[in-house]
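Working notes for the structure below.
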Amino acid sequence: MNLKVYKTHFDTHLEQRLEDKLTQVQPLFPDEKTFSMITYLKPYIDHGKRFRPYMVYLWYSIYGADDLEFITRVGLVNELIHIFALIHDDICDQGTSRHGIPTYHKHLAWLYENPYHGDVQAMLVGDLVYTRALQEAQQLLCDHPKAHKIVFTMLNEVVIGQMLDVHFSTSTDALRTKEEISDKDHLKSGQYTFQKPMMIGASLAGIDDLTDIEALGKNIGIAFQMRDDLLDRIPNNEGKTKMSDIQEGNQTIVMSVCRESYDEAALKRLEDARGKQLSDDELSLLQEDFSNFAIHEKVSEAINDLLDVVETDFHALVPESESKKDFLGVVGLLRRLG
């Protein structure tokens, strides 16, 4: 089952679970306005690619396991963790939009006409999603201690990764090395997008030694995060870029490549812009530097080199199957994005 087909299957399951949860908690809210705090989850989750539950399913099926209902519910745990992480990440970064709609805290700030209340209530909605993920994990994995442990390791690491991201973005006096940024990105994003879901799926299929899958998952997770950071610099239909990483002060691999490549003038423009709201003219100058020093090409080459390693290791690790082709399809997608 390729990613597109799986997403259709999974979204039906996710929407039903969300509707069940909303029906369950609605009587606890005194009026429609307060209840609308969590109904925004419906549009908020619509645009996800579902990489995380798909990796759980795919690495379960790669080894011949076929209980689709069970593994879909396990994938739901991963997607709920992702939703929780996105809501909290947007609060930490004070992001304003995601997938073309307001971030959760910005929507609730509008609802309450108060930014502080928007942040606090969005944080609590994220906590509600988090507790649902824990409940599902406990019910599904109580007889699978290895997979259960991986889920809780994943949760621990994503929170630590977010803490490091906030720390790095507020460190004005210490720029981090590429290795430090890569380790942070792995904890914050890569490990719960690819590595841990792959390990959970394989473990539930009966695979005991997950060492090679763990290494493979780390590499594709790093490539995914690099590609995601690169997409922040891609011009939209109006020729504009968000460059939210610069404006939010984030330290990314793309930023590290810029620092290695820029001349003194371009480097000063980059450092002066970090952590500031930029005008269209300032964004245009930064985009010119990005193009003039071929940063897109350099980062894309690094991504493709890493994905070459992933493909080589994957072929050596996994027997031929339809699911093997589907995983290679995801690798191909990461090559093409942006």
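The numbers here are math on the coordinates, done by the rules we state, and not lab data. Just so you know, these numbers come straight off a predicted model, no measurement behind them. So basically every Cβ, Gly included, is an ideal-geometry build from the backbone, and we count neighbours across all protein chains shown.
Can you tally the net charge around Gly118? Count Lys and Arg as +1, Asp and Glu as -1, for every other residue whose Cβ sits under 13 Å from the Cβ of Gly118.
Details: positive: Lys106; negative: Asp90, Glu113, Asp119.
Surrounding charge for Gly118 is -2.
Give me a comma-separated list of calculated 3J(HN,Hα) values for the range 95-104, in order, Karplus coefficients 6.51, -1.76, 1.60 applied at θ = phi - 60°, integers in Hz, x for any Gly or Pro.
x, 9, 8, 8, 6, x, 10, x, 4, 4
Which far-off residues, 5 or more places away or on another chain, put their amide H under 5 Å from the one on Arg98, with H placed in the peptide plane?
The answer is Thr103.
Would you please calculate the Kirkwood hydrodynamic radius of the range 243-338 over all C-alpha pairs and express it in Å, rounded to one decimal?
For the range 243-338, the Kirkwood estimate is 15.5 Å.
How would you order 186-198, 140-152 from highest to lowest mean count of nearby Cβ atoms within 10 Å?
Output ranking for 186-198, 140-152: 186-198, 140-152.
For the chain, calculate the relative contact order in percent as a whole number, restricting contacts to Cα pairs under 8 Å that are 6 or more residues apart.
18
Could you pull out the trypsin sites (Lys or Arg not before Pro) across the range 241-281 that fall in loop regions by DSSP (anything but H, G, I, E, B) with no more than 13 other Cβ atoms inside 10 Å?
Answer by residue number: Lys276.
Just grab the label-to-label distance for His9 and Ser244, each label 7 Å out from Cα along the Cβ direction, in nm (one decimal).
Here the modelled spin labels are 3.1 nm apart.
Loop-only check: which GluC sites (Glu not before Pro) in the range 103-182 are DSSP coil with at most 15 other Cβ within 10 angstrom?
Glu113
Quick check on the chain: helices-only [θ] at 222 nm, where DSSP H runs of length 4 and up contribute -39,500 (n - 2.57) each and the sum goes over total residues. Nearest 500, please.
Helices in the chain give a 222 nm mean residue ellipticity of -23500 deg cm²/dmol.
Going through the range 10-71, which GluC sites (Glu not before Pro) have at most 12 other Cβ atoms within 10 Å and a DSSP loop state?
none
Modelling each spin label as a point 7 Å along the Cα-to-Cβ direction, I'd like the Lys178/Trp110 distance in nm, to one decimal.
Placing both labels 7 Å beyond Cα along the Cβ direction yields 4.1 nm.
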